[in-house]
Every structure is written in structure tokens, then in C-alpha cells.
1. Working from the pairwise distances between different alpha carbons, so that the mean of 1/r is found and then inverted, what is the range 203-270's Kirkwood radius in Å?
2. When the C-alpha atoms of the range 148-193 are aligned to their principal axes, what extent does each axis show, in angstrom, from largest down?
3. Out of every Cα-Cα pair in the range 135-255, what percent are more than 20 Å apart?
4. Determine, for 403, 297, the number of other Cβ atoms within 10 Å of each Cβ, and report the residues in order from fewest to most.
5. In a solvent-free Debye calculation with one equal scatterer on each Cα, what is log10 I(q)/I(0) for the range 211-370 at q = 0.08 Å⁻¹, listed in the order of the q values?
6. When the Kirkwood hydrodynamic radius is evaluated over all pairs of different C-alpha atoms of the range 434-502, what value in angstrom, to one decimal, is obtained?
7. When a footprinting reagent is the concern and you count Cβ atoms within 10 Å, what order do 203, 257, 341 take, fewest first?
8. Based on a Kirkwood Rh over C-alpha pairs, give the Stokes-Einstein translational diffusion coefficient of the range 217-256 at 25 °C and viscosity 0.890 mPa s in µm²/s.
């Protein structure tokens, strides 16, 4: 039978067969391209010893399946492809030398290298927030004695009023007898009795202004005008003409506007860097080009379950009442700058369980390394552990190399291992330094005692401990009480500080 006997008769059937054939061809081509990027091409000059001893053979369509001899693939109608030591390192594993890529292929892949550098890390935390009333400025207006509302002043909830604005006139019959008695005693000239009668008026709830008016006029006055103790917005108003009020009844609530709260929603992952008293700057769409500054007054203890954010609050002066509750604001929090190891954020490979970077030695050898990432500022990320200053990493195209390294079984360098770039051969190892911040408690020629913050990379909590100083020049220029950022390792003979800088420098 010829191939045409197996071809479907309908156009739809023939299109389906062609689509399957095309997809297989594309997959095969992609696999061959990946292998070409990771291994030298047939035209490149390769050491005969490496070409004479393949590590294993594999099918590019099923690269995870290894074979110990050449032949035809059991999966596809094609020959197995050899894998050589120059692309995988030690036979059988490829975990020592890393991945080797031809320089021409590196250029074709668009690989870009950067060096791990030490720089200044500032606070770049931003959040969104809304303006709210300052609940510390709420005023409650109550009736001091029972009576009847004779007049109201056309107020309503939401009205903005000034301090001392009238709300209602209340007739208090119980005050009439006490006022007449006070005036009679006052005419006798007995100072002690006059003082006692005047104090009685105060105890009945009469304001000092009303008592002074009675003394001046010499006539009882049983109608009092209720006014607001502060300016702001009427939140609630419970007084109407003709109603009866009792002593202690709430007539109105006033929200002050002299200062307002700005409540910013900060992700819980970033809230650890904030503290009360920290400066903050807010910008509002209503006032373009203008910034409002303040300081963090409180970090509320509860976390919003739906958004996983904490509420950070600070007060803003509200001159002329321009800031209105409900307005939307963008908030940036300031903080102390400090020295830190920095890499471009785009160089990080986040797998979900760990974070990797791709090390490079400048000679075409690459190997993944696990890192501990700290804070981010702009386009840079802080490296807490896993890298040392001066190492070279791949900043662009690293995902292609990481995929090939995973297929080749190349293990990532763990945190705490040697930071030397030993990809092409042995070299002198240098310690992997852990970074944290602390305060100098004691400084000696060969040691320094520091009260430091937690070190998550090795599970250390915040504590005070003594570190060795192998080089006395590290401690020069520092004094007890200085706030410093320092890098240390943890050999068998005890933790040792290798670099130290003042926070803010």
C-alpha cells in the first residue's frame, strides 16, 4: 500500500494530519536549537579527548532519558545525540565545571554580563492610601441639663462649621430658681455665700459665659445657646426644634479638620522596614506637583486578610481644609540609606522555592547559584547571602541557560558555599558573606561586639555577639554606638567580620 491510502479523504482530516506533522517538526527544531546553544557546533574546534568520550546519548525530543550507547531513538525515527564532557563537566553529572557555551552562540543568544557591586541602598517603598478624619479631633456636644429646644440654626450633617458656631437654643427651667437665688445672695454682700451660690450654678451645668452674663445684667437667664467647641464637619446632628432633651444627651458630633490621617496600605512583606517616626511624602491627584510631608504616627497591628496589607498611618496638617477625607494619595516612605551588595533585579531567577542567579567566568562557562534576596530599590535588588562583590552574573538571557543547566543536571551552588567563580577550573575560594545591620557595643583591635538584626539566611535571631576582626584596619574610623552594615562569614573557629560600613554612608 502507498502513503496515499492512509491519507484521509476529507479536507479537514488532511489538515489535521498536516498540523500534527508540523508541530513535531517545530518541537524537534526547538530541541536541536537548545542543544546547539549549549554545546559547540560541528564546525567548532573541540578537544579530541572530549569528543572521543561522550558522557551519554539522548533524544532531543526526550532529553531527560539518557542512553549509554549510540543508536536509534525508541521514541522517534532518528539517531540519538551524544552529550560531551565539555558541555556538562564531570562525567555522569556535570555538577563541577558548569555549562559551557560557545562565544558565538552566547552572542547570538544576547547574553549580557554584569558584576556584583557594592552600592547604596535607599528606601524605595511606595504604597497607596486615602485621607481620613483624625479621630483624635472628634468633638461631642451634649446637653448639660434637661430642657426644651426653642430654636435651631439650620444645620445639617456634612456642613463645615467654624469653632463656636451655634447649633440650638435650649430653655432650661431648672436654672431659673438657682439663678434668682444667686442674684439675691450676691446683693447681700456676703462673699462666702456668694461664692457658694456661684459654684452651685457651675455644678448645674451653666457655662462660665452664661454666669458672667447673669452677673452683668442682674437678671436670670434660663435660655442657653449650644455652640460647637471646635471647627470641622458635622458628623451627626440629633437636635430639632421643639424636642425635649435630657442631661447628658448627645446633640451633635463634630469631626475636626485641622489635621487629617493618611492611611496607607503596605504589603506585609514590606512592612518590616517601617517604624514609627519615619518620614513619608504623599502626592495627590487633586494637587499636581505638590508634596505633603509627615511622619508615621502608628502601624496598626492587624493585617487585612483579603489584601495581606498593614495600615500605616501618619498625620498631615490640613491648612485651609484642602485635604478632604476620601481623597486618594500615593505615598513614598523615606529611610536611612545603607551599603549593600546589589545586582539588577532582572538577573534573578525566581523558581517559587528559591532564587537563583547564573554565574559566569568570562570564558564561556556558566553555573547557577542560589542567593538570598533582601530589599529592592529601583531596578536593583539587595543580595543578603550567596554572592560576593566582583563576581560576574548573567543579567539578560539567563533563563535559556538555566533551562539547559536543568536538563544537563547541573546543581546550583548552595548559599554558604565558596563564592569563588570556579567554573573552568580550581581557584582560591573566598568566603560567602552574610549581610546584616547592627550597633557597635565594643571595639577592640582583633574583635568587635555588635547588637545586630536577624540574619534569615542562617536562621540567626537578633542578638548581641562578638565577631573576630582578621584585619585591624576594618575597625578604623568606627566608635562605640555607631550604626553599621557589615558582612561576615561563619567558619569553624567563629564568626568573622570582613567588611563594615556606617549606615547612611
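Bear in mind that the values in this text are calculations on the coordinates, not laboratory data. Given the structure is predicted, the values throughout are model-derived calculations rather than measurements. Glycine gets a Cβ as well: all are built from the backbone with ideal geometry, and neighbour counts include every protein chain shown.
1. Values: mean 1/r = 0.0621 Å⁻¹.
For the range 203-270, inverting the mean 1/r across all distinct Cα pairs yields 16.1 Å.
2. 50, 22, 11
3. Numbers: 3354 of 7260 pairs.
Result: 46 percent of Cα pairs exceed 20 Å.
4. On the way: 403 13, 297 16.
The order, fewest Cβ neighbours first, is 403, 297.
5. -0.51
6. Working: mean 1/r = 0.0849 Å⁻¹.
This gives a value of 11.8 Å.
7. Working: 203 8, 257 21, 341 25.
Neighbour counts put them in this order, fewest first: 203, 257, 341.
8. On the way: Rh = 12.3 Å.
In µm²/s, the coefficient rounds to 199.
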